Every structure is written in C-alpha cells, then in structure tokens.
Ligand code: NZQ
Ligand code: ZN
C-alpha cells in the first residue's frame, strides 16, 4: 500500500426529506449567502422555491446567481467573484450538480485572492483560503459535493482544467434522493458512467495487495451497475436512488483509492473531449474508458481478471479472454443505459485527435496503471473511433 493522509471535513446529510434542512445548515455559516444554480431545472421542479423559503425562515439574506452551464465557464465565475465582493457575501450555497458546485468552489477561492482565479487552474498559484461552500445536490454524478477538486473551462482557448485543494471541500452536502426524480434520462446515464469511472480510476491501480480497497471498489461498482437501470425505468424508485446517491458520494470522496496509486488518465483524456466538443463528462467517459481498457489491460492482467470475475460476472477462464469479455460487458452496460461507446456515434471525427492528445498530457505523461505519452493517448482516441 501507498502511505496516505485523509481528512474528510464535509458533513453529509443523507436521505429523503433532508433538503428541508438547507436553511438551518446555511444559517450556521452565513450572514449573507450567494445562492448559485444552473440553467433553470431548479425553478421548474420547485427546488428553488423550497430553498428560498428555507433561507427566509432562518433569516438568512442572500444574493443569487443563476446560469451555470454544464462544462462550466470561467466568465460566470469571474462574474460571481465580483458579485460576492460587491455584496459582502460570506458563504456560497451551490444548488445543483458538479458544474454548479465546481463554479462555487472557484468563486469561493477567487474572492479572497488578489490575482485572477484562473491562476489556480494553471498551477501558477495555490489557494490559501476560500469562502465556505455548502451543497444541495440535485444529481448524483461528479462527486464534487465532498471532493477537493473543481473543473472549469476557460473560453479563451477552450481549456478545461482542474485543481485540487483542501480549501475547496464543502462544509456540508445535502443528499436527498427525492431531488433526483426530475432528472432527464441522458443525465442519469451520464452521471452513472461518471460514478463508475471514479471507482475505476482508483481500482485500476498498479499498487499490489490493497485487498480492502479492491473489495470496496468492487462493491461500489456492482451496486451502481445493479441500481442504475432501476431508476431509468422508474424515476420514482427512491430505494434505488438512495443507493445511487450514496455510491456517487463514496465513489469520489477519496475513500476508495486510499493506499493505491490512482490512474486518472481516462479523466484527463475525457476533459479534452468535453472542452473540444462540449459533450457531457459522463457521456465522454463511456466512450474513453473502454478504449483505455483495451489499450492497457495487458499491463496488469490480474486486475482485469478480478474486475471480470467480481464486477462483470465473467466465468473463470484464460486471462486475456476474461479481460476482453469484461470490457465487452462494460460497453454493453453503457449501451443498455443509452450511452454511445464510440466517438463516431457522438458525431466526433479524427480531426483533433493529435491536438487533444497533446493537450491532455500537458507536456508530460498520464496515468499510473500504464504511463501514457501523447502518442498513446492518440492511439486510445483511435480505438474509440
Ligand atoms: O442547469 P440545470 O438547468 O440545473 O440542469 C442541469 C444540467 O443541465 C441538470 N440537472 C441537474 N439536476 C437536475 C437537473 N435536471 C433536472 N432535475 C434535476 N434534479 O443536469 C445537467 C447537468 O448538470 P451538471 O452539473 O453539469 O452535471 P454533473 O454533476 O455531471 O457535473 C459535470 C461537471 O463536473 C465535472 C465535470 O468535468 C463536468 O464539468 N467534474 C467535477 C469533479 C469534481 N469537482 O470533483 C469530478 C468529476 O470527475 C468531473 O470532472
Ligand atoms: Zn468524473
């Protein structure tokens, strides 16, 4: 095992009806809050009204900023930073999914910083402090509700970049499965693929002998694969939503990869896809991850044998055929939930493979399971054609 240090300060409020506590939780931190949200789902499904009422009941005053879009943009973050400074905001309530939460983290780190918040994403500076952030989660997917990361797209050059810092972890996250009822099927599927990918990035590790982490990861993957089809056929299935929401959080709160060298190459590669083509992050992962597997499985075949046997239900057999059967079955799962597994099905051609491969590697290499150069990444794009 690798050495590790892990501290998870995010308070999780989990379960049906917990959304009602958003006022009480915000009041613990805020004199004046910023309510940050996305493109309108909150208004359409009544969540916005519920939040406003809960905040007023606790006498929390708030300003608001809507319009965070999927694959969130730097320009709105800059607008949010200016608004917070102008209005004397001391707390940000992010109501939405990864895009809203990541924008909230960026605004929170940007407000006390004298320079440009993009410095953090380029690695030029490290944030020393941030406003506290709280989350009302409306889609299980990115896991940003208790992660230390934030991912943002700079419209200048269409660069999708991330940074991780302990100052980014939200103070609390409310996970109420009843908020998931109104999710469109394509968002449910993309969110499911992202959750699975967060586990796989940690599971496909070159670190040997980390039995507990392996078993935890396998349980999380099996749960997701079992429960996701249930909510796709019945969005009111609260028991299934509970399992998915909890799995989504556990998949990315840091626990599952502890003691492992984690991979994350597929994520870096996907971020270039969603920067260049503006596709949903999870939809991109459903295309990239199987291609990454086909390219790398020979590096540590025993890991793929475990994945095949413990997660994908493949009968014992020869190593290579088990690995390939498991990859086939993963692709079949993605297709069953309505996701494309080839770039061509998503309308993406070969024109930008070389450029995206270079950008993904950022002048270095990617991955831990197998180290990837830009040429390898280009080959993975080719396998995903
Ligand atoms: O914008 P609105 O109108 O609210 O609609 C959203 C949006 O269109 C909709 N939605 C959310 N909850 C809903 C709902 N529609 C109906 N009912 C509800 N209850 O869903 C759409 C997608 O929202 P988004 O926030 O973009 O989804 P997700 O949570 O998948 O976040 C994706 C972003 O997170 C980043 C991704 O790169 C991507 O930019 N990630 C962040 C990570 C982190 N910070 O730790 C890790 C991840 O690997 C990921 O990279
Ligand atoms: Zn992800």
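Since every read-out is calculated from the coordinates, none of them should be taken as a lab result. What you see is a predicted model; the values in this text were computed from it and never measured. Cβ atoms come from the backbone with ideal geometry, glycine included; neighbour counts cover every protein chain shown.
Once the chain from residue 328 to residue 182 is taken as fully extended at 0.36 nm per residue, the excess over their C-alpha distance is 49.5 nm.
Quick check: from the Cα gyration tensor, does the stretch 121-212 come out rounded (a/c under 1.5), prolate or oblate? Cα axes put the stretch 121-212 in the rounded bin. Per residue, the convex hull spanned by the alpha carbons of the stretch 202-322 comes to 125 Å³. Using only alpha carbons, the stretch 207-258 has a radius of gyration to Kirkwood radius ratio (Rg to Rh) of 1.07. Report, to the nearest 10°, how far helix 281-296 tilts away from the longest principal axis of the Cα atoms in the chain, using its own Cα long axis and a range of 0 to 90°. Relative to the chain, helix 281-296 is tipped by roughly 30 degrees. Computed on the chain, the Cα convex hull volume stands at 125 Å³ per residue. With the gyration tensor restricted to C-alpha atoms of the stretch 11-179, the semi-axes of the equivalent ellipsoid amount to 24, 17, 15 Å, longest first.
Using alpha carbon coordinates only, what is the Rg to Rh ratio of the stretch 230-294, with Rh defined as the Kirkwood radius? Don't jump to the answer; show the numbers that get you there.
Numbers: Rg = 14.7 Å, Rh = 13.9 Å.
With Rg and the Kirkwood Rh in hand, the quotient comes to 1.05.
When DSSP beta bridges are restricted to pairs lying wholly in the chain, around 25% turn out antiparallel. Take the stretch 314-375, drop everything but the C-alpha atoms, weight them equally and run the Debye formula without solvent; then report log10 I(q)/I(0) at 0.25 Å⁻¹ to two decimals. Each listed q corresponds, in turn, to -0.98.
What's log10 of I(q)/I(0) for the stretch 256-385 at q = 0.13, 0.15, 0.19 Å⁻¹, Debye sum over Cα points only, no solvent? Taken in order of the listed q values, log10 I(q)/I(0) reads -0.53, -0.71, -1.10.
Eigenvalues of the alpha-carbon gyration tensor of the stretch 51-142, scaled by 5 and square-rooted, set the equivalent ellipsoid semi-axes at 22, 16, 11 angstrom, largest first. Note on residue 335 and residue 87: the model spin-label points, each 7 Å out from Cα along the C-beta direction, lie 4.8 nm apart.
If neighbour count is taken as other Cβ atoms inside 10 Å, put 277, 121, 203 in order from fewest to most. Working shown, then result.
Numbers: 277 17, 121 21, 203 25.
Result, fewest neighbours first: 277, 121, 203.
Spacing of the modelled spin labels on residue 31 and residue 116, each 7 Å from Cα toward Cβ, amounts to 3.2 nm. Volume of the convex hull of the stretch 1-100 (Cα atoms only), normalised per residue: 148 Å³.
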